[in-house]
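Q: Please see the structure below; I have some questions.
Nothing in this text is a laboratory measurement; each read-out follows from the coordinates by a stated rule. Just so you know, these numbers come straight off a predicted model, no measurement behind them. Backbone-built Cβ (ideal geometry, glycine too); neighbour counts: all protein chains shown.
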Amino acid sequence: AKNIQLRSEPPIEPLSVLADADELRTILDNLVDNAIKYTESTGHVTVRWQQAEDMGIISVEDDGAGIPLDRQARIFERFYRVDKARDRQRGGTGLGLSIVKHLCQLFGGSVEVESQMGKGSTFRVRLPLVGSQDHVPAPGTQSALADVPAVLQ
């Protein structure tokens, strides 16, 4: 069993982002699950919420093994796995980060990763705040889901 310390650092004021609450939960579940899965048994995972201009930013940070630089660009592809042999032992399909990217784009947002081998990874999800002027859903998507704000607190 792992003894990972999970920390949450919510914003001082709640943030309302243009995203469906259930889909936002899917984004968070995937990112936190991956962080726990790839962090050693006594590591740390931190989830932070903050506002930057007209975007709500959710960061999921771990002190796990990290992702090699030459593989970071591909981790959001469907079925891609950094270490196929190790991933089979841990489970997973290689779809989680692809789903995260798709949902972020659906709501007019984005996801990015910063990672260093041996130091861990930080995934940042950026979603438009309710009332932001620049919200544009991904081409070819219906923005009906994004019309109901999700509150981050």
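Q: Stretch Gln116-Ile36 to full length: gain in nm at 0.36 nm per residue minus the Cα-Cα span? Present the calculation step by step, with values, prior to reporting the outcome.
A: Working: separation 80, 0.36 × 80 = 28.80 nm, distance 1.65 nm.
Taking Gln116 through Ile36 to full extension adds about 27.2 nm, to one decimal.
Q: Return Ser110, Ser121, Ser115, Ser41 ranked ascending by Cβ neighbour count within 10 Å, so the fewest neighbours appear first. If you can, show how the numbers build up before the last one.
A: Numbers: Ser110 13, Ser121 24, Ser115 20, Ser41 8.
Ranking Ser110, Ser121, Ser115, Ser41 by Cβ neighbours within 10 Å, fewest first, gives Ser41, Ser110, Ser115, Ser121.
Q: Could you work out the local net charge near Gln116, counting Lys and Arg as +1, Asp and Glu as -1, over the other residues with Cβ closer than 14 Å to its Cβ?
A: Details: positive: Arg71, Lys119; negative: Glu61, Asp62, Asp63, Asp70, Glu114.
Charge balance near Gln116 sits at -3.
Q: Neighbouring Cβ atoms within 10 Å as the yardstick, rank Thr39, Thr122 fewest first.
A: Values: Thr39 21, Thr122 17.
With the sparsest Cβ surroundings first, the list reads Thr122, Thr39.
Q: Turning to a different aspect of this structure: Would you mind computing, in nm to one decimal, how far apart the modelled labels at Leu28 and Ala1 are, each placed 7 Å from Cα along Cα→Cβ?
A: 2.4
Q: Take the stretch 20-129, compute every pairwise Cα distance, and split them into 5 Å bins from 0; I just need the percent in each bin.
A: Going out from 0 Å in 5 Å bins, the stretch 20-129 shows 2, 12, 23, 27, 20, 11, 4, 1, 0 percent.
Q: Stokes-Einstein D for the stretch 36-81 at 20 °C, 1.002 mPa s, Kirkwood Rh over Cα pairs, in µm²/s? Let's see the in-between values first.
A: Working: Rh = 12.8 Å.
Answer from the Stokes-Einstein relation: 167 µm²/s.
Q: For Ser16 and Arg48, calculate 0.36 nm times their separation in residues minus their Cα-Cα distance, and state this gained length in nm to one decimal.
A: On the way: separation 32, 0.36 × 32 = 11.52 nm, distance 1.47 nm.
Computed gain between Ser16 and Arg48 is 10.1 nm.
Q: Just the Cα atoms of the stretch 1-61, one point each, no solvent: what log10 I(q)/I(0) does Debye give at q = 0.14, 0.25, 0.30 Å⁻¹?
A: The Cα Debye sum returns log10 ratios of -0.44, -1.08, -1.29.
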